[in-house]
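Take a look at the structure set out below.
What follows is calculated from the coordinates using simple rules that are stated; it is not laboratory data. What you are looking at is a predicted structure, and each value in this text was computed from that prediction instead of being measured. Every residue, glycine as well, gets a Cβ built from its backbone with ideal geometry; the counts of neighbours run over all protein chains shown.
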Amino acid sequence: MELLVGPHRYRVYLIFNLTHPQNNQPLAGGVCFENQEFHLDISVPTSRRQSVLLHEYWHAWVHHFGNPIDEETSCDHFASACLQFLNCITKQGGESDALRCLEVKIPRPRPPEVKGNRNRSHQALNAAIKNLSFSSSKPPEPLGCHDSLLREMRNPLSKNPSNGVC
């Protein structure tokens, strides 16, 4: 799924065990400005994803367009952001389809840093470790409608069985 933040194109991914990069606290959502990505923790229920995603979307909007200086400008920014957000969601199938069928992104593990005295061999080893690639070059495959399929697997007598098609 993609969302536009003004002219900036962001991808939306589900992440296993999403945590804050600085304090390692669990997060429901996050935004990576550098890669232009929104991340939602996979444990966030589908019914709550739009709220979490809109919260992260607003962070991206403020990042790109600045924090409004007065109430009127703030209302204008908010209206523009919400309209663009809802338009993007609607074009991709509406809330139920767009937020149910998100790709799962598996983050690359961080290479361990070699501790010890900082002589040249340690520096060379650290540089070599940082250049290692821990994942394949192709992007992760989308898992499709995993939420509805999991729900169906847990409750096969569900009133709304999924056919697995997004």
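Stretch D76-E103 to full length: gain in nm at 0.36 nm per residue minus the Cα-Cα span?
Result: 6.5 nm gained on full extension.
Could you order peptides 52-58, 75-81 by the average number of other Cβ atoms within 10 Å of their residues, highest first?
52-58, 75-81
Taking every pair of Cα atoms in the range 2-111, average 1/r, invert it to obtain the Kirkwood radius, and report Rg/Rh to two decimals.
Using Cα coordinates only, the ratio equals 0.97.
Over the range 2-111, what is the relative contact order in whole percent, taking alpha-carbon pairs under 8 Å and six or more residues apart?
That works out to 31 percent.
How much FRET efficiency would the formula 1/(1 + (r/R0)^6) give for L83 and S43, where r is the Cβ-Cβ distance and R0 is 22 Å, rounded to 0.05?
0.15
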